[in-house]
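Trainee: Dropping a structure here in structure tokens format, bear with me for questions.
The values are calculated or read from the model by the stated rules, or taken from the named source; none is laboratory data. Since the structure is predicted, the reported quantities are computational estimates derived from the model, not experimental observations. Please note: Cβ atoms are built from the backbone with ideal geometry, for glycine as well, and neighbour counts cover all protein chains shown. Protein only, heavy atoms only, side chains kept; ligands, DNA and RNA dropped before computing areas. Shrake-Rupley method; radii C 1.70, N 1.55, O 1.52, S 1.80 Å.
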Amino acid sequence: MSAITEIPVHLPKLLVLFKTVVPQLSNNKHKGQYGRIGVIGGSLEYTGAPYFAAISSLRVGADLAHVFCQSNASAIIKSYSPDLIVHPVLDSADAVDKIVPWLERLHVIVIGPGLGREPSILKTASDILKHCLEVKKPVVIDADGLFLLSDNYDLICGQRNVILTPNVMEFRRLFGEDNNAVRQKMSLLGDGVVILEKGANDKIHIPQANEVHTMPLGGSGRRCGGQGDLLSGSLATFFKWSLDSNEPNPALIAACASSYFVKRLNLAAFQKLGRGLLASDMVNEIPAIFQAEFEKGDSQ
């Protein structure tokens, strides 16, 4: 196997590039053109995760966000925000039949936040993932969505427009700890799957090219729950925009931008609240940080 090339991400170049990817607001656009995002997840125990993923996709600029959750989580998630469209269908016997028609209208699907590990729900999520891959729907797979890949790794091999977002433990579960074994398993993915490995320095793996793009340190020492969900939701919107831009590496651009963005949110909230910051505080920072980092300026 050829050696892996580590490429430090040059932030100034990334920010200049991503500003060209962000769609300019226009009165000529109609609702939905800036992004319609779907989140597959949400159970009685985990209602915050799908909320954070969906609301962050909206806050960064998507027009609509749908959450497909278990019935006992629906009212709770709706109570968090009236801006989300919540479907209490994930635990229905005919869940796939109910969800598939909606998927046709959505641009990117996030699978996993708050999904839980109930076998029947994982089976439904797996069937939804299979459908997305069959119709070439871009997907972001996070949290328990990654768990379902443990026994179904071949589902994503050779597929396109797939981004995985594992943390350190999820990465080890998927790929192992031995470097040669990791590279061997990654080589099976093909050229359409990108892995955003979350950590102190996030790493974006491009398996087919044997490249690892390393992000600089960022954020703060405060690691509260929900930050990964903010990343998966913002990543979904960024992915939609990057695909629309016709840039040659849309998944890489979206992964780098969302990694940088969430660490900036964390730092901004930490500077105000210290160790008391919560993921909901980071949501509140989204408009200001997006404006400062990604908008082209008033003259555009």
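Trainee: Using only the C-alpha atoms of segment 221-279, find the volume of their convex hull and express it per residue in Å³. Don't skip to the end; give the middle numbers.
Mentor: Working: hull volume 3.9 nm³, N = 59.
Taking the convex hull of the Cα positions in segment 221-279, it is 66 Å³ per residue.
Trainee: Continuing with this model, one more query. Just the number please: accessible area per residue for segment 172-300, 1.4 Å probe, all protein chains included, in Å².
Mentor: 43
Trainee: Three principal axis extents, largest first, for the C-alpha atoms of segment 84-198, in Å?
Mentor: Its Cα atoms span 42, 26, 24 Å along the three principal axes.
Trainee: Step through the residues of segment 271-281 one at a time and calculate ³J(HN,Hα) from phi using the Karplus curve (6.51 cos²θ - 1.76 cosθ + 1.60, θ = phi - 60°), rounding each to whole Hz and writing x for Gly and Pro.
Mentor: Taking θ as phi minus 60°, the curve returns 5, 8, 10, x, 5, x, 5, 10, 4, 5, 5 Hz for segment 271-281.
Trainee: GNM, the chain, Cα, under 10 Å: largest mean-square fluctuation among Leu217, Leu58, Leu133?
Mentor: Leu217
Trainee: Could you derive backbone 3J(HN,Hα) for segment 49-60 from the dihedral phi with the Karplus parameters 6.51, -1.76 and 1.60 (θ = phi - 60°), listing whole Hz in sequence and x where the residue is Gly or Pro?
Mentor: Computed from phi, the couplings for segment 49-60 are 4, x, 4, 4, 5, 5, 5, 5, 4, 6, 4, 7 Hz.
Trainee: Which percent of the accessible area of segment 28-177 is formed by carbon and sulfur heavy atoms (probe 1.4 angstrom)? Mind showing how you got there, number by number?
Mentor: Working: 3030 of 6260 Å².
Answer for segment 28-177: carbon and sulfur cover 48 percent of the accessible area.
Trainee: Here's something else I'd like to know. Just need the relative contact order of segment 83-233 here, percent rounded to a whole number, with Cα pairs under 8 Å and 6+ apart.
Mentor: 16
Trainee: Sticking with the crude label model, points 7 Å out along Cα→Cβ, report the distance from Leu25 to Trp102 in nm, one decimal please.
Mentor: It works out to 2.7 nm between the two label points.
Trainee: Also, quick follow-up: Beta carbons within 10 angstrom, averaged per residue: use that to sort the peptides 270-282, 197-209, 25-37, 249-261, highest first.
Mentor: For the peptides 270-282, 197-209, 25-37, 249-261, the packing ranking is 249-261, 197-209, 270-282, 25-37.
Trainee: How many nm separate the modelled label positions at His131 and Asp154, each set 7 Å beyond the Cα in the direction of the Cβ?
Mentor: Distance between the two pseudo-spin positions: 2.3 nm.
Trainee: Shifting gears a bit: Give me the percent of Cα-Cα pairs in segment 156-300 that sit more than 24 Å apart, rounded to a whole number.
Mentor: In whole percent, the long-distance tail amounts to 34.
Trainee: Suppose all protein chains stay in the model; what accessible area per residue would a 1.4 Å probe give for segment 2-67, in Å²?
Mentor: I get 50 Å² per residue for this part.
Trainee: When a/c is below 1.5 the answer is rounded, else prolate if a/b is larger than b/c, else oblate, so apply that to the chain with a ≥ b ≥ c taken from the square roots of the Cα gyration tensor eigenvalues.
Mentor: rounded
Trainee: What's the percent breakdown of Cα-Cα distances in segment 30-70 across 10 Å bins, shortest bin first?
Mentor: Taking all Cα pairs of segment 30-70, the binned fractions are 33, 48, 17, 2 percent.
Trainee: Give the relative contact order (percent, whole number) for the chain; include only Cα pairs under 8 Å separated by 6+ residues.
Mentor: Over the chain, the number comes to 21 percent.
Trainee: Moving to a separate point now. Express in nm, to one decimal, how much length is gained between Gln271 and Ser120 on full extension, taking 0.36 nm for each residue of separation and deducting their alpha carbon distance. Walk me through the numbers on the way to the answer.
Mentor: Working: separation 151, 0.36 × 151 = 54.36 nm, distance 4.28 nm.
Extra length from Gln271 to Ser120 when fully extended: 50.1 nm.
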